[in-house]
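Values in this text are rule-based calculations from the coordinates and carry no lab data. The model shown is predicted, which means the values in this text are computed figures rather than measured ones. Here the Cβ positions follow ideal geometry from the backbone for every residue, glycine too, while neighbour counts run over all protein chains shown.
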Amino acid sequence: MLDQITHLFRLQAIIEEGSLRQAAERLHITQPALSRSLAQLENYFGQPLVERHARGVRPTLFGLKVRSASLRLMRQWELTDEELRTEGGAGRIHLRIGAGPVWRTVILPEVMLRMQRRFPKMVFEIHRAHPTDSYEDLSEGRLDVILSGISAENRFPRLVQKQLGVVNNLIVAREGHPVFDRVDAEGRVPSEALLDYPWLVYTEYQTYREITMHAIHERLGQPPEIALVCDSLNTALASLQRGDYLSLLPEPITMAAVSPRLVPVPVGLTRREVKIGMVIREEAAGWEPVQALGEASGEVLQGLSFS
């Protein structure tokens, strides 16, 4: 078993370097020894893992699949090693969390306080989650958990999704924005008034722009005037606080803006709900820190008031 793991780790170096010679130098072994490792793996699996070309080697499709599995195995080995060393009084366990903007802005600060009280020897790494790349990072062990929006579609069958809550996407503006002077006798702003003000689109995720455009176009039959597009949440919030922009944002994000606050515009558009939760590798589903992270996140979500 240990020999197979060694061969798999060597295959990873071959694929990453694209060259047997460079991989051998990186691993500090001879090239013939590396070639023997590769040959043993290919014999074991019964098919080639790399193909030669003029500048070196590149992985076959099956070779990429084997590499992905070996990365996953390497991370599990790493976590087990860290856990055992921590129990022995040395080392610390690192939990790598990929998080969407709602999580990073509002939810995780409180969750991390709870987690560090429960796991004082654990290091929590918070990384920005990408809507597509992060799932590959999770599958191959570069992340251990993703906290973000979740959907029914799952292209990675060995990843497990767990819903922890629901957030609404709301049209918001700063307190004192002139749009609130347009409130009618029924306590609502006429939907056509939304076209009279510039719009800010927050684009850390492309889906935010698509949701904004679709929601307004669905109601009014035409898109609003986009005056500012930015992928920085801090810039988006500061601009909304200072200008006459309107924006469509996940409700918890607006809690990060104070003085002036960002408040919902009372307009009769269809509510846009997004399921949020955690995604983990199936072998980590029973790991205590992961279970505790889900529990703490659910508790914090229940305690938040977005009104």
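Straight Cα distances below 14 angstrom link Lys121 to the aspartates and glutamates Glu82, Glu83, Glu87, Glu288, with same-chain residues fewer than 8 positions distant left out.
Excluding same-chain residues fewer than 8 positions from Lys275, which aspartates and glutamates have a Cα within less than 19 Å of its Cα? Result set, ordered by chain and number: Glu153, Glu204, Glu210, Glu251, Glu295, Glu299.
Normalised by the number of residues in the chain, the average gap of Cα pairs under 8 Å and 6 or more apart makes the relative contact order 20 percent. Only helices enter this figure: runs of n ≥ 4 DSSP H residues, each worth -39500 (n - 2.57), summed and divided by the residues of the chain, yield -13000 deg cm²/dmol at 222 nm to the nearest 500. For the chain, the percent of C-alpha pairs falling in each 10 Å distance bin, counted from 0 to the bin holding the largest distance, reads 5, 22, 24, 20, 15, 9, 4, 1, 0. When the chain is described by a simple charge dipole with +1 on each Lys and Arg Cβ and -1 on each Asp and Glu Cβ, the residue from Gly176, Ile253, Val160 located farthest towards its positive end is Val160. Protection proxy ranking of 195-204, 31-40, 245-254, by the mean of other Cβ atoms within 10 Å over each peptide's residues and highest first, is 245-254, 195-204, 31-40. DSSP beta bridges fully contained in the chain are about 65 percent antiparallel.
How about segment 1-109: which chymotrypsin sites (Phe, Trp or Tyr not before Pro) there are in a DSSP loop, with at most 13 other Cβ atoms within 10 Å of their Cβ? For chymotrypsin sites (Phe, Trp or Tyr not before Pro) across segment 1-109 that sit outside H, G, I, E and B with at most 13 neighbouring Cβ atoms in 10 Å, the list is empty.
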